[in-house]
Amino acid sequence: MNLLYHGRKISGILSVLPSTISKFDDEAGNYSFPRDKTMRLKSVMGFNEHRVVPEGVCVSDLCVFGIERLIADGKLEKDSIDAILLITQSPDHFMPPTSNIIQGRLGLKRDMICLDINQGCAGFEIGLLQAFALLDQQEIRKVLVLNADVLSRKTSKQDRNSYPLIGDAASITIVERSGDDIPIHANVQMDGSQREALQIPAGGFRIPATPATAIMKDDGSGNIRSAENLVMNGQDVFSFVMTEVPPMIQSLAAYADTPLEKIDYFLFHQPNKFMIQKLAEKLEVPYEKMPGNIVENYGNSSGVTIPVNVTVNLGERAVLERLKVCFAGFGVGLTWSSILMDIGKMDFCYSVNFE
Amino acid sequence: MKNIAEILNSIRPEFDFNNSKDFIKEGMLDSFDLITLVAAIEEAFGIKIDGRDIVPENFNSLAAIEALASRSGRKK
């Protein structure tokens, strides 16, 4: 589905990264595979280091920390927030919405909208599109798109498929109306028939958590996890990304009448380094225009990898310059989406460590 | 330069690839092995394998892998 917006802008992005760094070299012994076989994957997949929260830290902790930092840094006024959109798959509780928890903890005004959205790898785009739509309302001037996940807490440390790459993080993206009329083109696709490619099978209402669902088992390939852990069918996800993402980007560029070579950066979700390199090759985009360094240095933090990509790789450039960028996220759902827009002249664009 | 059989043996030395009818069905290569294999073949032959071709059926036999490498630009 193609979508078109006008008069919207990103006016700032802050990434919140846990201080705890987990290194793959230290974890390799946790996996039931020969060490040399595991280490061969290190450079290909980008198994290096990732940021994980300490036990007990939740999504609202990361978000409250980040918003308080923005207020303390003079980048955000508390009473100016008209909506919070939290995109997460690791809420603090089933109920109430974690966005309401964040509102309450910060003491924000009552005359606002708080909304949780259950999305993952494509969550940055989904959040932005919802923010663009909310800004149709004249009383809504400033929307905070919060992407946050702490999925390391739901990933088995003995699962080499997922744990070496999983990362925790949060981001705060401020979206407002802009004075210009530069179009923003977007595309969203979903395929729920492939919903089992990425899931946490137990712990919800369909399969409630019980002592049996907590039992750690070998999945037959040497990875050990319980039914309450995140599970990914790597082959299916890889095939899906390689089949669906390149044509989506080419179609978006055609829709926007913008050749790929006119795009300054392709800021994509980063499931692993190998996949990003294969996407760059397929689209014939230089690796330096499609950075793949987030997953190997911070981990795959689901919908947060793209804002982390922006703050780490563009940083101050997003404040000083204007750039044409293509965002693309793909994963759980399955969902894949992309946005082609101008960013820049932001009020801020930086990362902080969660202490 | 290693040939593909040698690369396979270096990745899974515990298996005899000459006596297998289907590397995938017999559990000799998992999805991470495919990625390791692709990276090794690309490096050995200076080619790039299209991501859409990284599917199990292109890796179930030595002949299939040889055909994939040739399609991807490996010179005979």
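The values are calculated or read from the model by the stated rules, or taken from the named source; none is laboratory data. In this text, all values refer to a predicted model and were calculated from it rather than measured experimentally. Counting neighbours? That spans all protein chains shown, and the Cβs are built from the backbone with ideal geometry, glycine included.
Is it true that some residue in segment B:17-29 is more than 10 Å from the chain's Cα centre (by Cα), within 11 Å of chain A (Cβ to nearest Cβ) and within 28 Å of A:Met232 (Cβ to Cβ)?
Yes, that holds for at least one residue.
Which residues, counting only those in segment A:162-174, are out of contact with any Gly (no Cβ under 8 Å at 6 or more places or on another chain) and surrounded by 24 or more Cβ atoms within 10 Å (Cβ to Cβ)?
Those that are out of contact with any Gly (no Cβ under 8 Å at 6 or more places or on another chain) and surrounded by 24 or more Cβ atoms within 10 Å (Cβ to Cβ): A:Tyr163, A:Pro164.
So if I check each of A:Gly329, A:Gly303, A:Gly299, which one is in contact with a Leu (Cβ under 8 Å, 6 or more places away or on another chain) and away from chain B (no Cβ under 14 Å)?
Values: A:Gly329 fails: in contact with a Leu (Cβ under 8 Å, 6 or more places away or on another chain); A:Gly303 fails: in contact with a Leu (Cβ under 8 Å, 6 or more places away or on another chain).
Every option except A:Gly299 fails the conditions.
Consider only pairs whose beta carbons are under 8 Å apart and that are at least six residues apart or on different chains; among these, list those whose first residue lies in segment B:38-55 and is within 7 Å of another protein chain (Cβ to nearest Cβ) and assigned to a loop (DSSP other than H, G, I, E, B) and whose second residue is among the β-branched types (Val, Ile, Thr) and crowded, with 19+ Cβ neighbours inside 10 Å.
Filtered contacts from segment B:38-55: B:Ile54/B:Ile35; B:Ile54/B:Val38.
Against the definition (of a type in the set (Val, Ile, Thr), buried (at least 17 other Cβ atoms within 10 Å of the Cβ) and at pLDDT 95 or above), how does A:Ile224 come out, yes or no?
It is false that A:Ile224 is of a type in the set (Val, Ile, Thr), buried (at least 17 other Cβ atoms within 10 Å of the Cβ) and at pLDDT 95 or above.
Among the residues of segment A:145-154, is there at least one that is under 30 Å from B:Asp33 (Cα atoms), among the hydrophobic types (A, V, I, L, M, F, W, C) and touching a residue at least 12 places away in the same chain (Cβ under 8 Å)?
yes
All but one of (1) out of contact with any strand residue (DSSP E or B) (no Cβ under 7 Å at 6 or more places or on another chain); (2) touching a residue at least 40 places away in the same chain (Cβ under 8 Å); (3) of a type in the set (Ser, Thr, Tyr) hold for A:Thr258, so report the exception by its number.
The one condition A:Thr258 does not meet is (1).
What are the pairs, 6+ residues apart or on separate chains, where a residue within segment A:268-282 that is within 7 Å of another protein chain (Cβ to nearest Cβ) and in contact (Cβ under 8 Å) with a residue 24 or more places away in the chain has its Cβ under 8 Å from a residue that is in a loop (DSSP other than H, G, I, E, B) and surrounded by 24 or more Cβ atoms within 10 Å (Cβ to Cβ)?
A:Phe274/A:Gly46
Could you pull out every one of the helices (runs of 4 or more DSSP H) wholly within segment A:1-120 that has 3 or more residues that are closer than 28 Å to A:Tyr163 by Cα and in contact (Cβ under 8 Å) with a residue 60 or more places away in the chain? Break it down stepwise before answering.
On the way: elements: A:24-27, A:35-45, A:59-72, A:98-106.
Fully inside segment A:1-120 and qualifying: A:35-45, A:59-72.
Yes or no, residue by residue, for (1) in contact with a Lys or Arg (Cβ under 8 Å, 6 or more places away or on another chain); (2) buried (at least 22 other Cβ atoms within 10 Å of the Cβ); (3) at pLDDT below 95; (4) β-branched (Val, Ile, Thr):
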residue	(1), (2), (3), (4)
A:Met242	yes, no, yes, no
A:Ile249	no, yes, no, yes
A:Tyr255	no, no, no, no
A:Gln277	no, no, yes, no
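Under 7 Å by Cβ, and 6 or more places apart or on different chains, what pairs join a residue from segment B:11-31 that is modelled with pLDDT under 85 with one that is surrounded by fewer than 19 Cβ atoms within 10 Å (Cβ to Cβ) and not in a loop (DSSP other than H, G, I, E, B)?
Qualifying pairs under 7 Å: B:Ser31/A:Gln235.
So which residues in segment A:33-65 are at the interface with chain B (Cβ under 9 Å from one of its Cβ atoms) and of a type in the set (Phe, Trp, Tyr), if there are any at all?
A:Phe33
Run A:Thr38 past the list (1) in contact with a strand residue (DSSP E or B) (Cβ under 6 Å, 6 or more places away or on another chain); (2) within 30 Å of B:Asp33 (Cβ to Cβ) and report the number of the one that doesn't hold.
For A:Thr38, the failing item is (1).
Would you point out which residue out of A:Ser351, A:Ser338 is of a type in the set (S, T, N, Q), under 16 Å from A:Ile126 (Cβ atoms) and either out of contact with any His (no Cβ under 8 Å at 6 or more places or on another chain) or surrounded by 16 or more Cβ atoms within 10 Å (Cβ to Cβ) (or both)?
Checking each option against the conditions leaves just A:Ser338.
Do we find a residue being within 10 Å of another protein chain (Cβ to nearest Cβ), within 13 Å of the chain's Cα centre (by Cα) and of a type in the set (A, V, I, L, M) anywhere in segment B:2-9?
Looking only at segment B:2-9, we keep the residues that are within 10 Å of another protein chain (Cβ to nearest Cβ), and these are none.
Among the residues of segment B:2-9, not one is within 10 Å of another protein chain (Cβ to nearest Cβ), within 13 Å of the chain's Cα centre (by Cα) and of a type in the set (A, V, I, L, M), which makes the answer no.
Scan segment A:62-99 for residues that are surrounded by fewer than 14 Cβ atoms within 10 Å (Cβ to Cβ), charged (D, E, K, R) and under 18 Å from A:Glu355 (Cβ atoms) and report the count.
Residues in segment A:62-99 being surrounded by fewer than 14 Cβ atoms within 10 Å (Cβ to Cβ), charged (D, E, K, R) and under 18 Å from A:Glu355 (Cβ atoms): 1 in total.
Residues A:Ile126, A:Ile102: which one is buried (at least 23 other Cβ atoms within 10 Å of the Cβ), over 30 Å from A:Glu27 (Cβ atoms), at pLDDT 95 or above and over 17 Å from the mean Cα position of the chain (by Cα)?
Only one candidate qualifies: A:Ile102.
So in segment A:246-267, with the set limited to residues that are part of a helix (DSSP H, G or I) and either within 14 Å of B:Ile54 (Cβ to Cβ) or among the aromatic types (Phe, Trp, Tyr) (or both), which one is nearest to the other protein chains (Cβ to nearest Cβ)?
Checked segment A:246-267; the qualifying residue nearest to the other protein chains (Cβ to nearest Cβ) is A:Pro246.
Suppose we keep only residues that are out of contact with any helix residue (DSSP H, G or I) (no Cβ under 8 Å at 6 or more places or on another chain) and of a type in the set (A, V, I, L, M) within segment A:253-310. Which one would you say is farthest from A:Met242 (Cα to Cα)?
A:Ala256
As an exercise: evaluate A:Glu196 against (1) more than 14 Å from chain B (Cβ to nearest Cβ); (2) assigned to a helix (DSSP H, G or I); (3) in contact with a helix residue (DSSP H, G or I) (Cβ under 8 Å, 6 or more places away or on another chain) and give the number of the one condition it does not meet.
Among (1) more than 14 Å from chain B (Cβ to nearest Cβ); (2) assigned to a helix (DSSP H, G or I); (3) in contact with a helix residue (DSSP H, G or I) (Cβ under 8 Å, 6 or more places away or on another chain), A:Glu196 violates only (3).
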